[in-house]
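Where a number appears in this text, it was derived from the coordinates with a stated rule and is not lab data. Nothing here was measured: the structure is a model prediction, and the numbers come from that model. Neighbour counts are summed over all protein chains in view; Cβ atoms, including those assigned to glycine, are modelled from backbone coordinates with ideal geometry.
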Ligand SMILES: [Zn+2]
């Protein structure tokens with residue numbers, strides 16, 4: 001019987017954020033051993049995809065450690081070391097009993113003192129498992145995937161959709177290829193090409209032109225005889241690392257030249273489309289967005305989705321402040337992260353009157369905490385399985401949460417940080433989504449799966465938080481020369497002197 005080990009360490013790191021990400025953040029969602037089945041079987045997640053293929057093929061599995069947490073600042077060095085130590089020591093114990101390893105990484109994880117901890121983890125795994133031990137990795141489309149990391153694996157497959165409605169499918173592709181390799185049916189070889197650009201997350205929606213057409217070409221390329229898989233990574237613009245940027249990665253069956261040609265052709269397509277990719281949708285500042293929303297509502301178009309997309313931590317207050325000064329319709333703000341406000345509201349209970357400062361705590365760019373006065377209309381712990389098309393079936397635990405409603409704006413405050421991307425916040429908190437003219441979200445692309453079908457209009461609101469569409473003003477120090485649009489030419493100094501230093 002074939003036996004596969006499964007592990008995962010997933011984090012999308014915003015290196016510009018001031019606060020480190022702690023071990024506790026990863027421990028909250030960690031699963032080990034058999035727990036992986038209860039947590040993920042049947043879900044539209046990478047692990048759900050791994051488990052499905054293993055089950056279909058009668059493969060025995062061993063969960064090592066699978067953990068991830070919401071996007072946040074650099075991972076504390078000790079946290080990464082503890083997690084990597086556990087994965088490596090569990091892999092060492094399981095090594096002689098396992099035929100291969102299925103691994104889930106994001107591709108854009110950074111820790112203090114290590115710009116590419118995923119590479120470090122793969123190197124450590126290679127040390128104990130050996131150069132010939134089959135390792136297949138499933139990654140996020142938003143990875144900064146350099147050759148030094150990717151080529152440590154036998155197989156790398158990434159998400160092809162943003163919103164990532166294909167997480168399960170990506171896990172399946174990865175597991176299927178590993179099993180075919182183990183059966184001796186294929187000899188995977190990988191090649192990569194990098195077009196010298198990075199896309200802001202807001203412009204990585206794969207159903208918006210021109211990325212839609214390039215993704216279609218990528219899928220056609222993946223169907224060529226001799227090609228086993230192709231991924232187009234858009235890169236993650238908010239991790240300031242030497243490997244920042246888009247990557248096309250092709251996996252071929254023994255034919256390295258074919259893999260190289262395939263990756264280079266798609267990479268050239270990305271490079272030639274770079275200006276169009278970077279201007280894929282109009283941007284509004286909060287005042288312009290409210291003007292536009294008011295005009296659309298006057299025409300009977302509703303609901304209007306306002307996307308405060310630059311907010312990576314779900315606590316930015318720029319748009320809420322503008323909406324408090326000038327209400328243009330009945331408004332919902334699902335999932336504002338503020339543990340103190342959430343606890344105060346949950347303690348006040350349903351019907352309680354509350355005046356609380358909320359949001360604006362993740363960094364000075366998140367805006368000031370806002371004084372908000374309202375009535376609590378829902379209070380309680382929020383723990384449920386996601387019903388939307390993204391991460392379907394995965395359990396989330398947001399801790400104490402509450403709806404505070406001032407009669408015009410209803411804000412759902414949570415203890416844990418999560419980006420609202422589907423309609424679960426409404427159903428879970430007893431709100432009727434049809435009641436709202438404006439829904440203010442902080443998503444980049446994932447909301448599209450649930451909201452495009454019901455939205456009257458989608459307006460992208462540019463605010464000065466750490467995830468803007470306009471990358472030019474961000475304080476990059478490690479991005480290498482020639483990454484459009486952030487380092488068009490070699491800067492005078494300051495290169496490569498940041499995250500590889502001990503901080
Ligand atoms: Zn992603």
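Details
- Evaluating kT/(6 pi eta Rh) at 20 °C and 1.002 mPa s, with the Kirkwood radius of the chain over Cα pairs in the Stokes-Einstein relation, gives 92 µm² s⁻¹.
- Helix-derived mean residue ellipticity, 222 nm - over the chain, DSSP H n ≥ 4, -39500 (n - 2.57), to 500: -8500 deg cm²/dmol
- Beta bridge orientation in the range 3-278: antiparallel %, DSSP, nearest 5: 40
- The slack in the chain from residue 395 to residue 272, taken as 0.36 nm per residue of separation less the alpha-carbon distance, amounts to 40.2 nm.
- For the range 1-112: rounded, prolate or oblate by the Cα gyration tensor [a/c cutoff 1.5]: prolate
- Contact order, relative form, for the range 284-461: 34 percent (alpha carbon pairs under 8 Å, 6 or more residues apart, mean separation divided by residue count).
- Distance from the alpha carbon centroid of the range 431-451 to that of the range 331-394 works out to 16 angstrom.
- Here the residues 47, 278, 390, ranked from fewest to most Cβ neighbours within 10 Å of their Cβ, fall in the order 278, 390, 47.
- Whole-Å distance, taken between Cα centres, linking the range 154-177 and the range 20-93: 16
- Sorted by Cβ density within 10 Å, fewest first, the residues 46, 75, 350: 350, 75, 46
- Efficiency of FRET between residue 217 and residue 182 - r from beta-carbon atoms, R0 30 angstrom, step 0.05: 0.45
- Each Cα pair under 8 Å and six or more residues apart adds its separation to the average, and for the chain the resulting relative contact order is 16 percent.
- Residues 118, 217, ranked from the fewest to the most other C-beta atoms within 10 Å, line up as 217, 118.
- Share, in percent, of DSSP beta bridges within the chain that are antiparallel, nearest 5: 45
- Modelled label reach - residue 148, point 7 Å along Cα→Cβ, the range 63-83 residues with backbone N closer than 11 Å: none
- Approximate spin-label separation residue 131-residue 353, in nm, with each point projected 7 Å along Cα-to-Cβ: 7.4
- Distance between the range 183-247 and the range 399-413 - C-alpha centres, whole angstrom: 39
- Global size of the range 284-461 as Cα Rg and Dmax, reported in angstrom: 14.8, 41
- The range 3-278: C-alpha gyration tensor shape, a/c 1.5 cut-off, then a/b vs b/c: oblate
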